[in-house]
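All remarks here apply to the structure that follows.
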Amino acid sequence: MARSRRGRKRPYGQGHIPLNMDRLRSVPRVEPGPGGAYHVQEVRARKAYTCPGCGGQVSDGAWHVVAWPEEGLLGRGPDERRHWHTGCWKARFGRRPAW
């Protein structure tokens with residue numbers, strides 16, 4: 001016998017599952033910049049990277065921006081991706097932090 005749709009609902013009185021803001025933060029987007037558009041995504045570092053904006057280290061486990069040109073040299077956009085501190089990325093193109 002097939003279960004009714006009603007049986008799969010959240011039980012009455014049970015609290016809502018909170019929204020995972022970390023998942024929303026990592027949604028890829030396209031941002032305009034000098035020289036064209038850039039694919040941008042916020043991710044958590046799995047190893048240390050060198051930020052091209054300040055030359056400092058993006059430490060392991062830190063949230064940061066991964067960006068690459070929409071149209072790279074010879075069509076190799078994703079091969080040109082770089083890991084930036086979020087503040088360095090926003091300062092690079094004259095943007096202010098959203099917080």
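For the stretch 51-57, the Karplus equation 6.51 cos²θ - 1.76 cosθ + 1.60, evaluated at θ = phi - 60°, returns couplings of 6, x, x, 10, x, x, 8 Hz by residue, with Gly and Pro reported as x. Distances between placed amide hydrogens fall under 5 Å for A62 paired with A45, all partners being 5 or more residues away or on another chain. Proximity of backbone amide H atoms, modeled 1.01 Å from N, is registered between G33 and Y38 at under 5 Å, excluding neighbours fewer than 5 places apart on the same chain. The HN-Hα couplings worked out from phi for the stretch 31-39 by the Karplus form 6.51 cos²θ - 1.76 cosθ + 1.60 (θ = phi - 60°) are 10, x, x, x, x, x, 8, 10, 7 Hz, whole numbers, x standing for Gly and Pro.
Since every read-out is calculated from the coordinates, none of them should be taken as a lab result. Fair warning: this is a prediction, and the values are worked out from it, not measured in the lab.
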